[in-house]
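The values are calculated or read from the model by the stated rules, or taken from the named source; none is laboratory data. Since we're looking at a predicted model, the values are computed, not measured. Glycine gets a Cβ as well: all are built from the backbone with ideal geometry, and neighbour counts include every protein chain shown. Ligands, DNA and RNA are stripped out before the accessible areas are found, and what is left, the full protein with its side chains, is counted by its heavy atoms. Shrake-Rupley method; radii C 1.70, N 1.55, O 1.52, S 1.80 Å.
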Amino acid sequence: MSLQLYSWNINGANSPEKRKKIFHILKKEHLDINCLQETHVTRLHRKVLINKRLGQEFISSDRVKKRGVVIYAKENLSPKLLFKDEQGRTLAIEIQTQGEKDLIVGIYAPNEGKSEFYKKLHETLLDYLDYSNIIMMGDMNGVVSTFMDKSQNQNLTKDGRLPKTFFELIDNMDLIDIWRTRNPLGKEGTFFSEAHLSWTRIDQIWTTRGLAPKTIRVEICPKTCSDHNALKMEVRFTPAGSFRWKMNDNLLRDQEIVKKAQKALKDYFEINLNTSVEKRTIWDASKAVMRGFLIQQNTIKKKLWNGKKDKILEKIRDGEKRLRSKPKSKEILREIKFHQSQYMKLINQEVEWKIKQMKQRSFELANKCGKLLAWQLKKRQKLNYVTNLEVEGKNIQKPGEIRKCFQKYFKKLYTQGPEEVSEMDQFLKVNGLPELSQEKRSILNYKITQQEIEDAIQNMQLGKSPGPDGLTSKYYRTLKDYLIQPLMEVCNQIMGGGRAPETWKEAFITLIPKVETEKTQLKNYRPISLLNVDYKIFADILASRLKKVLNEVIHKDQAGFLPGRHLFDNTRNIIDILELLQTNINTKAVLIFIDAEKAFDNISWKFMKKNLEGMGVGRGFENGIEAIYSEQKAKLIVNNVVTEEFHIEKGTRQGCPLSPLLFISVLEVLLNMIRKDRQVQGIRVGAKQYKLKAFADDLVLTLQEPESSTKRVLELIQEFGRVAGFKLNKQKTKVLAKNLTSSETDGFQKETELSVVKKVKYLGVYLSAKNLNLFKDNYEKCWTEIKKDLEIW
């Protein structure tokens, strides 16, 4: 399905001749939505704007021949009026596309009082944050950029720029200037002033960010019978491969459906578990069977649900019909209110489910708090849509090409190059982690129990996005009595050397942009794997066992992902060191904030497995790791569209419970090398040296003898990276220098090729060489954000 939209300031429609021309132009365009501004038609004569060939009309007009906005919408979009003002400035309607509700807002902004106008509009629109898509179009009476949107012969002043309240509106509503997004360097106008012989782009279309990849085209049309150019936009709502099934958790609230599901599982496993078919195949097939069952039950429930609503609505209509003939009947009025309350109960249940599904970003509780929640949810998803990419000097905007670029990049990222196994063996022989005791080894290798599986199921958070099979944590928690035994048999077969179910090799990878980075660069997206829940149960059991072992193997300098270790220990330690160096002015030192290039995604599987083997984790645990870290495959989700499948040959999957533990066990090899190396001088406090602090891959080196110590560390990282896949990103690695002269700082940068900076962000805290700005850089910025949230509230 595609949607064609047209926005046009027609500068008056009272003349019959001009009206005919306008209507003729619009009919030829075959549009779904027409938004006309500055109609100059009074309320008394509004009927002249009716034109059923253009669609159902919605009109906002004044009592005098000024201003005026009209929107025409095709009947098949089920349009309805939401709000309008009495001055002919704003008009909003609702349309429906593919079962989703979209908001269309038409605007004719004033010349004077723009700031107050947009402030009031902002307040009004906060009540409509639950709409899937928002399109705001019209004459904004101001430009976004005085450089890009005004004639070059005009003075480049702030005159004519849209007010601050406008930018607050588009920021909080997460709207983008769709024409500018598609034409980042374009300089075109929509209004030409004959008096000033200049043009400006004051007519604009602003859309929800998520519509950008679905926008096929947006163009400024030639000027015809008005002094403004029209804008035309086409949106396509049906990208291929966008469907992903997810279980409706609400089904398992119905005890009748739960009983049917229990019986289906019991019958299935009684028939199949005693056959010669592999347990892993039987398990995968059970998920397919239950998926079909749940889809069927959802369809039945949906029909019954909609039928229930239709019956209540029919009763309300009948009551209203009787009330018209007997307007004083309190009994009929009570009946209507009773049916209305029943209907609202059903609607409230639907809203509650939609929130859990995150299909809508907010809900309204008829109070201010609801608006705040909606704004927070919208803000959280603000950067999840990719509108354009910069690849090899080219600007990529087409949705299909954007998906191909991401797939090509990550396919290459996850392809493992040639490896020297003998070099790994030799390296680990010298630098490997100490071997575990028999007691620790036994913790990792005993048979998986029912209690462990039940504990893992209880640990799974409800409401999380499932993997490719669509089955949620709720499924396993509700039906655990019928799933634990067969799943335990599958898990123990894997620990005994058997293969994992095929569905455990699958993943959807969703891409999260890194904060404060350029969103047009492929490398600035973090891949998070959405894995099947049964896989995560098995991985969680292995992770729980490994934590008990690693807590004694991994040095306290590593604060990530182990019991009793905390992120704030690292920040406090770094701040203490900076304060110490502020006092000890004769101690020359550097703090190096290491940035590894795609740290989790580049780790070599062979090195990781050999490292575990060298630790003596045991055959059973090794079998478990081998089963899930081999033959992996994934599909990317780009702008809610699923790409083609590709294979993964390296890296630990972010989203897997085991991933951070496997990563820190690999990284510990490098950290031990740095700790033991005498050429690397740490900050001395008494007899003790502080060389490093780590939180997973967020590594900070605190070094004296800056130049020689740093050069040695870089050698160690290179040596480690050659066998483990760890790659230092020198461009993003930042250094804070303490007590170095300008010439010493320059020499350090030249010798190490690392950048010394004034300020760096570590674990969410801004740090500088002098701690004087600690309060200003962190607390004041945070408080500004809180105040902004409170103002929206």
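Helical runs assigned H by DSSP (4 residues or longer) give the chain a calculated mean residue ellipticity at 222 nm of -13500 deg cm²/dmol, each run adding -39500 (n - 2.57) before division by the residue total. Residues Ser529, Ser742, Ser341, ordered by accessible area of protein heavy atoms at a 1.4 angstrom probe radius and largest first, appear as Ser742, Ser341, Ser529.
Using a Förster distance of 22 angstrom, determine the FRET efficiency expected from the C-beta separation of Phe167 and Glu188, and round it to 0.05. According to the calculation, E is roughly 0.55. Projecting the Cα atoms of His24, Met136, Trp206 onto the charge dipole of the range 2-236, computed from C-beta unit charges around the Cα centre, puts His24 farthest toward the positive end.
The portion of the accessible surface of the range 2-236 made up by carbon and sulfur, rounded to a whole percent, is 49 (1.4 Å probe; DNA, RNA and ligands excluded). Modelled this way, with points 7 Å down the Cα-to-C-beta line, the labels at Arg565 and Ile512 are 2.0 nm from one another. With the simple model of a label 7 Å out from the Cα in the direction of the Cβ, Thr583 to His24 spans 8.8 nm. The residues of the range 131-227 present an accessible area of 41 Å² per residue when probed at 1.4 Å with all protein chains retained. Just to confirm the filter: which trypsin sites (Lys or Arg not before Pro) across the range 632-697 are DSSP coil and have at most 13 other Cβ within 10 angstrom of their Cβ? Counting only loop positions with at most 13 other Cβ atoms within 10 Å, the trypsin sites (Lys or Arg not before Pro) in the range 632-697 are Arg678. When the charge dipole of the chain is built from unit charges on Cβ atoms (+1 for Lys and Arg, -1 for Asp and Glu) and taken about the Cα centre, the candidate among Ala696, Ser465, Leu670 whose Cα reaches farthest toward its positive end is Ser465.
Could you grab the relative contact order for the range 2-236? Cα pairs under 8 Å, six or more apart, rounded to a whole percent.
Contact order relative to length: 19 percent.
Applying a DSSP loop filter and a limit of 15 other Cβ atoms within 10 Å to the GluC sites (Glu not before Pro) in the range 704-790 leaves Glu753. Here the dipole of the chain is about 2680 debye; that uses its Cα centre as origin and unit charges on the Cβ of Lys and Arg (positive) and Asp and Glu (negative). Fully extending the segment from Lys519 to Lys47, taken as 0.36 nm per residue of separation minus the present Cα-Cα distance, adds 165.1 nm. Of the residues Met495, Ala589, Ile554, the one whose Cα sits farthest toward the positive end of the charge dipole of the chain, with +1 on the Cβ of Lys and Arg and -1 on the Cβ of Asp and Glu, is Met495.
Shown in residue order for the range 424-439 are the 3J(HN,Hα) couplings computed by the Karplus curve 6.51 cos²θ - 1.76 cosθ + 1.60 at θ = phi - 60°: 4, 4, 5, 5, 6, 4, 8, 10, x, 6, x, 6, 6, 6, 4, 4 Hz (x for Gly and Pro).
Taking packing as the residue-averaged number of other Cβ atoms within 10 angstrom, the listed peptides 492-500, 432-440 run from highest to lowest as 492-500, 432-440. Summarising the amide proton neighbourhood of Leu3: residues at separation of 5 or more, or on other chains, whose placed amide H is nearer than 5 Å comprise Val235, Arg236, Phe237.
The value of relative contact order for the chain, using C-alpha pairs under 8 Å at least six residues apart, is 10 percent. Both radii were evaluated on the Cα set of the chain; the Rg over Rh quotient, with Rh as the Kirkwood radius, amounts to 1.02. In terms of its C-alpha gyration tensor, the range 51-131 has an oblate overall shape, because the principal axis ratio a/c (a ≥ b ≥ c, square roots of the eigenvalues) is not below 1.5 and a/b does not outweigh b/c.
For the range 2-236, pairs of C-alpha atoms spaced more than 21 angstrom apart make up 53 percent of the total. Backbone geometry of the range 524-534 corresponds, through the Karplus equation with coefficients 6.51, -1.76 and 1.60 at θ = phi - 60°, to 3J(HN,Hα) couplings of 8, 10, 9, x, 10, 7, 9, 10, 5, 5, 5 Hz, x marking Gly and Pro.
Among residues other than Gln87 with Cβ under 15 Å from its Cβ, the summed charge is +3 (Lys and Arg +1, Asp and Glu -1). Per residue, the solvent-accessible area of the range 621-746 (1.4 Å probe, heavy atoms of protein chains only, all protein chains present) comes to 38 Å².
Annotation note: GluC sites (Glu not before Pro) in the range 14-107 located in DSSP loop regions with a Cβ neighbour count of at most 15 within 10 Å are Glu86.
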